[in-house]
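Undergrad: Please see the structure below; I have some questions.
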Amino acid sequence: MSSNGKSTSPLGLRISATAGLLFLHLPLFFIFLYAFTTEEKSFEFPPPGLTTKWFGVAWNSRPDIWPPLYLSLEVAAIATALALVFGTLAAAALSRAKFFGRETISLLFVLPIALPGIITGIALRSAFDIMNIPFSVWTIMLGHATFCIVVVYNNAVARFRRLSGNLVEASMDLGADGFQTFRHVILPQIGTALLAGGMLAFALSFDEVIVTTFTAGQQTTLPIWMLSELIRPRQRPVTNVVAVFVFIVTLLPILAAYYLTREGEHTGGTSK
Amino acid sequence: MTVALQETRRGIGGTISDVFFARPQLLTFLLLTPPLLWIGVVYIGSLFALLLQSFYSLDDFSGVVIHEFTLSTYQQLFEGSNVQIILRTVTMAALVTITSAVIAFPIAYYAARYARGWKKALFYLAVMMPLWSSYLVKVYAWKLILAKEGVITWFAGALHLNWLLNGILGLPVIGGPSLSFSYLGTYFVFVYIWLPYMILPTQAALERVPANFIEASADLGADPGQTFRTVIFPLALPGIVAGSIFTFSLTLGDYIIPQIVGNSRLMIGQAVYTLQGTAGNIPLAAAFTVVPMVIMALYLWMAKRMGAFDVL
Amino acid sequence: MSPAVRFQNVSRRFGSVRAVDGVSLDIEPGEFFALLGPSGSGKTTCLRLIAGFEQPDEGHVEIFGETVEGVPPYRRNVNTVFQDYALFPHMTVGENVAYGLMIKGVPRAEREAKAKDALAMVKLAGYEDRRTVQLSGGQRQRVALARALVNGPKVLLLDEPLGALDLKLREQMQEELKTLQTNLGITFVFVTHDQGEALSMANRVAIFNEGKIVQVGTPSDVYERPTSRFVADFVGSSNVLPPEFAAAHGGTATWTSLRPERIDVVSENATTPPYYASAKGIISAVSYQGAVTRVTVVTEKLPLVATISAGTTLHKDDRVMLQWPKSAMVAMGDGA
């Protein structure tokens, strides 16, 4: 390979990379396609006909969609707000100084996403049982905030680490006390990372089903509604319409988060 | 007037700043306490509550949990059908992890070494979007694809490959009435859903391999295959191990995918879900969750020794 | 008048490492003072002790006669030019320079005018609205300088101020910094590991080794009269003569420094003038270095290095005689 071989890649590599990416994206196409099918009982392919009526049906004749949607939005909003506060505090503290036990605490803050969601779910459920806490919006939110904190923390800590300590020192050297430094130097530097972390946390919470199943009781979030439709379908294309909607609602914050963090290294999203 | 010091209006912010400046540990402590309480009490506390439950047992006749310390629940865990569940899940997790690594590597390698500028951004987005987009939607998409009357069957028919599809479905263990009711289907969906988790850390590790290492290896007479085996792969390994933490852990604990795409033989996640729900056997459900916890603890310990955490 | 900066027996430890170990030093008002030493010798920590980023574990730091222990950096009339400049990336050049004034509550119009003047002073007039990422290394350095000076510090600290610049720019900035310091009359304290930079810019130099100051003096003091083998070797290069060798050649019986440029290389049979010492030997290496040529000669006792003006006909393995004035041998005592 010559030294400028960088720009040309082996054909085999290009084919397998492209095939891999197609594998990642093609399946989502069928979600869209089946939202327009005229066949509502089975997954017949190709669809016998195409129609847009299911969008109208979902909007007008399925009142069971709306309460779960509102609940999901509410939970995602609260969980994200809490996560922003707690995740940022944790990132600030852990990137500040070396102290005894820092490594252990850092590990603690990634545990909720390193362990399978089912463990988080059943653990919270048994804790609620033991303490006789009834299931409610707040129990769902408690579960969501736990992993949302991790998402915000991951995004913020990466940015805090890149925020050169020199900038903070330069600010203090120029006469700014701790609060002034935070307002004029730290916040503008980490702002976009926080926004990005918040958006990812929102998308994650809006879409979460594994933990929610355990902490929801009788409450139905949109993903739980979808799950029950998957197992006992009523009008399959309506489920697709909602899936398209959920896909878009989660995709927009993801794209926004990417846009906000694109200038730096792509550290934020390495782990969910 | 002093020369050396500034006469600034101190104000409340200034006064508090002075306190924190004199005692930086105090600030760290104040910052850390609220999130640490949340994770430490809510999350770790719950984990301990769960662990505790696994040392209780269920009275077979009354169906009531007996709050006495016993190891009998763990004994149940090692009985025939339960061991089957554990082995089945671990095998699946291992296969999914290996397959993900194989599919992820060319994508990661291409993105790390050849993609530049907008192409690189496109690759990154193309991996990030499926990673973060709705889990249920993705699983649902595969239900559509794998269903008996669905996409794969149609393509098999169009290409006159029905004999092949039926042959595969006829295989013992991995086959079934249709792909959406078979292990093979479950395996496809797992690989699909967790693949991005493997690509990103692998790419991160490969990004750190300087291009001149590869040139140096070629310069020293290694053919591309030797370069791959002796230079690229060892340097990418921590990234692959980091990715495998996710693919392995997530497969071990998932109960939705095998429920929607799979047959009636349970995986650990489903067992936990049924035991704590309809069966009301919280102690055994808790004992079951200890299995992925122990496996992951061992796995993380090994990964740390291989330096996989630096890539996360 | 009290010194601008005084270190009284100051120590600073990081874990078990004594980064600064019992340093005492006075820097007078208006001096251009260099802290010179290899990396890890404690010079940067001393600078940070003055700025207030570090606090002494033992001893006192005084600035213009006032003890500054526990005084945070934002309450000190001292400003720093950081090694990587630490310009705020989210602010324009003008906002960077006006930052200190904004924090002090100076009204916008006034601080913008002052920032403009400060930028003009460092020859960056009209750069107010640029983004810092658009600037070259040399320009960033000037912005950092303006940002510090606009606050009217009593002491200006510079951490390896020219380290990131290329040679040409470095020489130019050395001149400019010197002129600026003379015009402003502010005390400048700068850290460097480059002995050439220290000697050409500073009025006085403190040389650090392993957390201690090993010598303080004017550039000519430390160059011509090193008091230890470390200084002789670190500041420029030097032939360090063992006591026996020095005594045998008309020096004193102590470790002695002999600068290579003071040694002449002459033919083997030349006569040695009075007040000169000499040694015979064989050339083991001739190394052309542009303006000068370094000749290494193995004498009976030890190898000696001489630098002579370029254009020489000497070759490896030539037998030659080295001659140097006895006064060029500087006794350093037993110092390490």
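The values are calculated or read from the model by the stated rules, or taken from the named source; none is laboratory data. Please read these numbers as outputs of a predicted model, since none were measured by experiment. In this analysis, Cβ positions are derived from the backbone assuming ideal geometry, glycine residues included, and neighbour counts consider all displayed protein chains. SASA here: full protein model, heavy atoms, side chains in, ligands and nucleic acids out. Shrake-Rupley method; radii C 1.70, N 1.55, O 1.52, S 1.80 Å.
Undergrad: Can you pull out every residue in segment C:177-196 that is without any contact (Cβ under 8 Å) to a residue 12 or more places away in the chain and farther than 28 Å from residue B:5 by Cα?
TA: Residue satisfying the conditions is C:196 alone.
Undergrad: Which of the residues belonging to segment C:24-41 are farther than 20 Å from residue C:219 by Cα and surrounded by 16 or more Cβ atoms within 10 Å (Cβ to Cβ)?
TA: Selection gives nothing.
Undergrad: Restricting segment A:191-200 to residues that are buried (at least 24 other Cβ atoms within 10 Å of the Cβ) and within 11 Å of another protein chain (Cβ to nearest Cβ), which is nearest to the chain's Cα centre (by Cα)?
TA: Per the criteria, the residue is A:200.
Undergrad: Using the structure shown, decide if residue A:24 is within 11 Å of another protein chain (Cβ to nearest Cβ), under 22 Å from residue B:150 (Cα atoms) and of a type outside the set (S, T, N, Q). Working first, answer last.
TA: Details: within 11 Å of another protein chain (Cβ to nearest Cβ): yes; under 22 Å from residue B:150 (Cα atoms): yes; of a type outside the set (S, T, N, Q): yes.
The answer is yes for residue A:24.
Undergrad: Further question on the same structure: For a quick check of your reading: which helices (runs of 4 or more DSSP H) sit entirely within segment B:1-119 and have at least 1 residues that are closer than 30 Å to residue A:83 by Cα and within 14 Å of chain A (Cβ to nearest Cβ)? Give the steps one after another, and end with the answer.
TA: Working: elements: B:11-22, B:24-37, B:45-54, B:72-77, B:80-113.
Correct list: B:11-22, B:24-37, B:45-54.
Undergrad: Here's another thing I want to ask about it. Taking only pairs six or more apart or across chains, which ones have beta-carbon atoms under 8 Å, a first residue in segment B:56-76 that is within 11 Å of residue B:283 (Cα to Cα), and a second residue that is among the basic types (Lys, Arg) and at pLDDT below 80?
TA: Close Cβ pairs (under 8 Å, with a partner that is among the basic types (Lys, Arg) and at pLDDT below 80) do not exist here.
Undergrad: Tell me which residues, restricted to segment C:1-10, are crowded, with 18+ Cβ neighbours inside 10 Å and part of a strand (DSSP E or B).
TA: Within segment C:1-10, the first condition is being crowded, with 18+ Cβ neighbours inside 10 Å, and the residues that meet it are C:4-7, C:10.
Once the filter is applied, which keeps residues that are crowded, with 18+ Cβ neighbours inside 10 Å and part of a strand (DSSP E or B), segment C:1-10 yields C:5, C:6, C:7, C:10.
Undergrad: Mind listing just one residue for me: the one in segment A:46-68 that is within 14 Å of chain B (Cβ to nearest Cβ) and either open to solvent by 30 Å² or more (accessible area, probe 1.4 Å) or of a type in the set (Ser, Thr, Tyr) (or both) and, of those, nearest to residue B:158 (Cα to Cα)?
TA: Keep residues of segment A:46-68 that are within 14 Å of chain B (Cβ to nearest Cβ), which gives A:46-48, A:68.
Cutting the leftovers down to either open to solvent by 30 Å² or more (accessible area, probe 1.4 Å) or of a type in the set (Ser, Thr, Tyr) (or both) gives us A:46, A:48.
Numbers: A:46: 11, A:48: 16 Å.
Only one residue fits best here, namely A:46.
Undergrad: Among the residues of segment A:101-116, is there at least one that is open to solvent by 10 Å² or more (accessible area, probe 1.4 Å), among the basic types (Lys, Arg) and either more than 30 Å from residue B:267 (Cβ to Cβ) or not in a helix (DSSP H, G or I) (or both)?
TA: yes
Undergrad: So, one more: Give the residues of segment A:230-269 that are modelled with pLDDT under 80 and crowded, with 22+ Cβ neighbours inside 10 Å, sorted by residue number.
TA: Of everything in segment A:230-269, those that are modelled with pLDDT under 80 and crowded, with 22+ Cβ neighbours inside 10 Å turn out to be A:261, A:268, A:269.
Undergrad: Which residues, taken from segment B:209-230, are under 13 Å from residue B:113 (Cα atoms) and away from every other protein chain (no Cβ under 11 Å)? Steps first, answer last, please.
TA: Filtering segment B:209-230 down to residues under 13 Å from residue B:113 (Cα atoms) leaves B:209-215.
Scanning segment B:209-230 gives B:209, B:210, B:213.
Undergrad: Looking only at segment C:145-171, how many residues end up being at pLDDT 90 or above and either open to solvent by 10 Å² or more (accessible area, probe 1.4 Å) or over 20 Å from the mean Cα position of the chain (by Cα) (or both)?
TA: Residues meeting the conditions: 11.
Undergrad: Could you identify the single residue in A:134, A:188 that is surrounded by fewer than 18 Cβ atoms within 10 Å (Cβ to Cβ) and in contact (Cβ under 8 Å) with a residue 12 or more places away in the chain? Steps first, answer last, please.
TA: On the way: A:188 fails: in contact (Cβ under 8 Å) with a residue 12 or more places away in the chain.
Only one candidate qualifies: A:134.
Each row is one residue, and each column tells you yes or no for (1) away from chain B (no Cβ under 14 Å); (2) in contact with a Leu (Cβ under 8 Å, 6 or more places away or on another chain).
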site: C:53; (1), (2): no, no
site: C:69; (1), (2): no, no
site: C:84; (1), (2): yes, no
site: C:109; (1), (2): yes, no
site: C:113; (1), (2): yes, no
site: C:131; (1), (2): yes, no
site: C:146; (1), (2): yes, yes
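Undergrad: Are any residues in segment A:112-131 more than 7 Å from chain B (Cβ to nearest Cβ) and either over 30 Å from residue B:280 (Cα atoms) or of a type in the set (A, V, I, L, M, F, W, C) (or both), and if so, which ones?
TA: Residues satisfying the conditions are A:113, A:128, A:131.
Undergrad: Give the residues of segment B:93-127 that are of a type in the set (Gly, Ala, Ser) and either in contact (Cβ under 8 Å) with a residue 60 or more places away in the chain or touching a Phe, Trp or Tyr at 6+ places or on another chain (Cβ under 6 Å) (or both), sorted by residue number. Walk me through how you get there before you give the answer.
TA: Going residue by residue through segment B:93-127, those that are of a type in the set (Gly, Ala, Ser) are B:93-94, B:100-101, B:104, B:108, B:111-112, B:115, B:117, B:121, B:126.
Result: B:93, B:94, B:100, B:101, B:104, B:108, B:111, B:112, B:115.
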